[in-house]
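Participant: Structure in structure tokens, see below.
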Amino acid sequence: MNVLPSELHEFGLKCFEAYGVPRDQAEVVIDHLITASLRGVNSHGIIRLPYYLDGIEKGYVKPVAKITVLKETPVMACDPIPNGAGILNSYNDIVYN
């Protein structure tokens, strides 16, 4: 079965939003999952969508990531997101500066 990335994107957004993930955070996660799949890194791609949804449902992944910088130096920032989607933490690290 072939699905267009745009259709998968919309489906993923609806899934995440149904589980209480804010749209801006859902966009970041679903974009990265689709990109990984399109690059052939399927183990980190859209196959992870059920993992995130199951994690939210069971309470070990928080649907809303609250990003707080705990420590900052000229070369790094410590900004853990306990029990959040790791993709959001990495994305925040990249766009932080």
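Participant: For the range 18-60, what are the residues that are surrounded by fewer than 14 Cβ atoms within 10 Å (Cβ to Cβ), assigned to a helix (DSSP H, G or I) and not aromatic (Phe, Trp, Tyr)? Spell out how you get there, then give the answer.
Facilitator: In the first step, residues of the range 18-60 are kept if they are surrounded by fewer than 14 Cβ atoms within 10 Å (Cβ to Cβ); the result is 18, 20, 22-24, 38-43, 47, 50-51, 54, 57-60.
Of the ones still in play, those that are also assigned to a helix (DSSP H, G or I) are 18, 23-24, 38, 42-43, 47, 50-51, 54, 57-58.
Hits for the range 18-60 are Ala18, Arg23, Asp24, Leu38, Asn42, Ser43, Ile47, Pro50, Asp54, Glu57, Lys58.
Participant: Please go through the range 7-17 and pick out each residue that is surrounded by fewer than 15 Cβ atoms within 10 Å (Cβ to Cβ) and under 22 Å from Lys66 (Cβ atoms).
Facilitator: Residues of the range 7-17 that are surrounded by fewer than 15 Cβ atoms within 10 Å (Cβ to Cβ), as a first pass: 7, 10-11, 14, 17.
Listed by number, the list holds a single entry, Glu17.
Participant: Return the total of residues in the range 1-27 being under 16 Å from Leu53 (Cβ atoms) and among the β-branched types (Val, Ile, Thr).
Facilitator: Residues in the range 1-27 being under 16 Å from Leu53 (Cβ atoms) and among the β-branched types (Val, Ile, Thr): 1 in total.
Where a number appears in this text, it was derived from the coordinates with a stated rule and is not lab data. In this text, all values refer to a predicted model and were calculated from it rather than measured experimentally. Using ideal geometry, Cβ is built from the backbone for each residue, glycine included, and neighbour counts are taken over all protein chains shown.
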